[in-house]
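In what follows, a single structure is set out as structure tokens and then discussed.
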Amino acid sequence: MQSGPIRVLLVEDNVPYALLLQDHLARTAERFEVTHVESMAEAVRLLQTGVFEAVLLDLSLPDSRGLATLEQAMTLGARLPIIVLTGLNDEAVATEAVRKGAQDFLLKDQRLDGPTLVRTIRYAIERKRLETDLMTLNDTLERRVAERTEEARRLSMRLRALASELGQVEQRERRRLAQVLHDHVQQLIVAAQMRLGILEKQRLSDAGLATLKDIHDTLREAAEATRSLTVELSPPILHDAGLAAALAWLARRMEQKNHFAVELVTDSAAEPANEDVRLFLFEAVRELLFNAVKHSRAAKARVSMNLDRHGRTQIIVEDEGVGFDAGEKIGDPSAAGFGLFSIQQRLAHLGGRVRFSSSPGKGTRVTLQVPRGRGEIKPEAAEREMQGSAAASELPEESGAEPRPIRVLLADDHKIVRQGLIGILQIEPDIEVVGEAADGQEAVELARKLRPDVVIMDVTMPRMTGIEATKLISRELTKTRVIGLSMHAEGDMAQAMRTAGAAAYLTKGGPSEDLIAAIRSRKS
């Protein structure tokens with residue numbers, strides 16, 4: 001319980017009414033310390049002292065009238081509960097004041113007694129306290145979410161770096177073992193074969209010659225095995241002649257060893273300049289072809305290497321096999337296998353992207369894209385290039401040039417909601433989040449600047465509502481679609497957004513698939 005008096009600032013230019021209120025409070029068991037002023041200027045001076053616990057505010061003062069009076073008081077006393085005093089004919093204004101942040105309102109012309117006035121002040125103080133606690137909790141939650149998101153981003157970057165480092169270590173070890181086999185083991189086998197040749201020229205019994213033949217055959221098999229293993233570990237052609245030549249060798253190898261035909265089309269201009277990129281792409285293509293052999297039930301595949309419209313090396317591996325559900329398997333190491341998961345992470349670290357397009361019975365198409373002219377690979381640049389793009393989802397079938405991702409602008413005054421939407425959308429390979437706005441006015445400004453394909457628009461936002469922002473965007477940017485997204489499930493809110501120009505209206509509690517489908521529907 002509060003031990004001292006409740007300090008109340010009474011802002012009222014009607015002196016008799018102010019005295020009446022003070023008399024009502026004085027007659028109750030509660031202790032109140034009321035400071036009365038008759039103008040907003042005096043109220044402003046006193047509010048800056050921060051000594052009050054509640055404000056009784058008349059909206060019709062000599063130097064301030066209407067909702068502007070409330071806004072000025074709320075600016076100076078953000079944590080104070082404000083109870084609006086208004087005439088009976090101003091009830092609509094009073095109701096709007098409550099919507100804008102006042103805790104309650106009292107109609108001057110209605111009969112008022114002390115207990116009602118005390119209860120109103122008490123409830124207002126308690127509601128404001130709870131509201132302040134909730135805002136503090138929300139700020140704390142948003143900060144923790146931001147910290148966890150940043151931690152997750154760092155861990156993701158570290159995972160990509162580790163996957164890339166693991167791949168590079170594997171390639172170095174493969175090449176080292178291949179060199180050991182070539183420079184030592186194979187040389188020893190050749191030396192042994194030469195010594196056998198010398199022995200064969202000596203006079204030996206038929207049994208001795210037969211033994212030498214057996215040894216010679218064994219050494220020949222050993223030489224062939226080590227040569228084959230050397231090539232499997234690290235094809236010399238990849239280091240000597242480049243990726244295109246290595247892919248041609250791989251196509252022949254698949255035909256010879258796996259009876260799996262590979263149609264290969266390459267453009268020499270797409271040859272990566274960076275050796276790490278060449279090694280990675282070769283291993284990625286080999287992994288994808290082995291997956292096709294094991295799982296697709298197809299007899300052949302097609303591999304193409306060219307430059308995409310951004311000048312990146314692009315490799316497409318596709319088959320007409322049984323396909324799979326890309327949405328369920330890709331990105332989950334336990335479902336997709338470590339090979340595909342590793343491809344995703346390593347390619348992201350290199351600043352590239354991978355896209356899977358597959359569905360049961362319709363074959364599989366995997367597109368790898370990576371900058372070709374890199375010297376040193378920088379994870380920070382890779383993160384920027386991967387922002388808003390996905391490495392694990394089904395894409396619409398491509399024809400001709402690579403389709404441009406759907407550029408999306410998010411407008412919501414809650415950062416935690418924007419972060420959640422980014423988390424949902426950034427795993428979709430054909431959707432790119434290009435900007436965030438915290439209110440309607442900022443949404444309009446960013447839409448004019450960024451020219452997005454789609455704006456996800458909250459309805460209730462400061463400075464400018466989502467409805468007003470939708471009207472402006474729909475009128476000025478005819479190629480930009482607005483999708484309303486709000487906690488309000490009422491039909492009138494949805495109708496208001498559609499009337500303003502929104503193409504669709506969804507609730508925040510609905511399935512994320514509905515939002516993604518609404519975004520993609522702009523193509524239809």
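Values in this text are rule-based calculations from the coordinates and carry no lab data. Here the structure is a predicted model, which means the values were calculated and not measured. With ideal geometry, Cβ positions are generated from the backbone for all residues, glycine too; neighbour counts draw on all protein chains shown.
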Q. What are the principal axis extents of the Cα atoms in the chain, in Å, biggest first?
A. 138, 51, 36
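Please compute the length gained on full extension between Leu166 and Thr35, using 0.36 nm multiplied by the number of residues separating them and subtracting their Cα-Cα distance.
39.9 nm
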Q: May I ask you to derive the relative contact order of the stretch 406-523, considering only C-alpha pairs under 8 Å and at least 6 residues apart, and to give it as an integer percent?
A: 23 percent
**Q.** Volume in Å³ per residue [convex hull over Cα atoms, computed for the stretch 406-523]
**A.** 85 Å³
Q: Would you tally the net charge around Thr136, using a Cβ to Cβ cut-off of less than 12 Å, leaving Thr136 out, and scoring K and R as +1, D and E as -1?
A: -1
Q: Assign one of three labels to the stretch 6-112, namely rounded, prolate or oblate, based on the Cα gyration tensor with a ≥ b ≥ c the square roots of its eigenvalues; rounded applies when a/c is under 1.5, prolate when it is not and a/b is larger than b/c, and oblate otherwise.
A: rounded
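On full extension of the chain, what length is gained from Ala517 through Arg203, given 0.36 nm per residue of separation minus the C-alpha to C-alpha distance? Please list the in-between numbers first.
Details: separation 314, 0.36 × 314 = 113.04 nm, distance 8.43 nm.
Computed gain between Ala517 and Arg203 is 104.6 nm.
What percent antiparallel are the DSSP beta bridges of the chain, to the nearest 5?
On the way: 22 of 64 bridges.
So the antiparallel bridges amount to about 35 percent of the total.
About its Cα centre, how strong a charge dipole does the chain have in debye, to the nearest 20, once Lys and Arg get +1 and Asp and Glu get -1 at the Cβ? Intermediate results must be reported in sequence, preceding the final value.
Numbers: 70 positive and 77 negative charges, 334 e Å.
Charge dipole, the chain, about its Cα centre: 1600 debye, nearest 20.
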Q) If you bin the C-alpha pair distances of the stretch 180-235 every 10 Å from 0, what whole percents do you get? A) 24, 44, 22, 9, 1
**Q.** Segment Thr136-Leu20, length gained on full extension (0.36 nm per residue, minus Cα span)
**A.** 38.1 nm
(Q) I'd like the antiparallel share, as a percent to the nearest 5, of DSSP beta bridges with both residues in the stretch 6-112. (A) 10 percent
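With an 8 Å Cα cut-off and a minimum separation of 6 or more residues, compute the relative contact order for the chain in percent.
Details: 845 pairs, mean separation 37.6, N = 524.
In percent, rounded to a whole number, it is 7.
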Q.
Net charge within 14 Å of Glu445 by Cβ-Cβ distance, Lys/Arg positive one each and Asp/Glu negative one each, not counting Glu445 itself?
A. -1
Q) In whole Hz, what ³J(HN,Hα) sequence does the stretch 464-472 give by Karplus (6.51, -1.76, 1.60; θ = phi - 60°), x for Gly and Pro? A) 8, 6, x, 5, 5, 5, 5, 4, 5
Q: Please give, to one decimal in nm, the separation of the simple spin-label points placed at Gln495 and Glu468, each 7 Å out from Cα toward the Cβ.
A: 2.3 nm
Q: Go through 257-267, 342-352, 240-250, 427-437 and give me the packing order, highest mean Cβ count within 10 Å leading.
A: 342-352, 427-437, 240-250, 257-267
Q) Rounded, prolate or oblate: which fits the stretch 1-48 when a ≥ b ≥ c are the square roots of the eigenvalues of the alpha-carbon gyration tensor, with rounded for a/c under 1.5 and prolate only if a/b beats b/c? A) oblate
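Where a ≥ b ≥ c are the square roots of the eigenvalues of the C-alpha gyration tensor, would you call the stretch 61-195 rounded, which needs a/c under 1.5, or, failing that, prolate if a/b is larger than b/c, or oblate?
Details: a/c = 8.49, a/b = 5.77, b/c = 1.47.
Taking the square roots of the gyration eigenvalues as a ≥ b ≥ c, the stretch 61-195 is prolate.
Taking R0 as 41 Å, what's the FRET efficiency between Arg153 and Glu91 from their Cβ-Cβ distance, rounded to 0.05?
Working: r = 51 Å, r/R0 = 1.24.
After rounding to 0.05, the efficiency reads 0.20.
Which of the peptides 90-103, 141-154 is most tightly packed, and how do the rest follow, going by the mean number of other Cβ atoms within 10 Å of each residue? Please report the intermediate quantities before stating the final value.
Values: 90-103: 16.6, 141-154: 11.7.
For the peptides 90-103, 141-154, the packing ranking is 90-103, 141-154.
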Q | Selected from Ala496, Val482, His414, residue furthest toward positive end of dipole (the stretch 406-523; charges at beta carbon) | A | Val482
Q) What is the distance in Å between the Cα centres of the stretch 203-251 and the stretch 97-115? A) 95 Å
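With +1 on each Lys and Arg Cβ and -1 on each Asp and Glu Cβ, how big is the dipole of the stretch 406-523 about its Cα centre, in debye rounded to the nearest 20? Can you show the working numbers first?
Working: 16 positive and 17 negative charges, 91 e Å.
The calculated dipole for the stretch 406-523 is roughly 440 debye.
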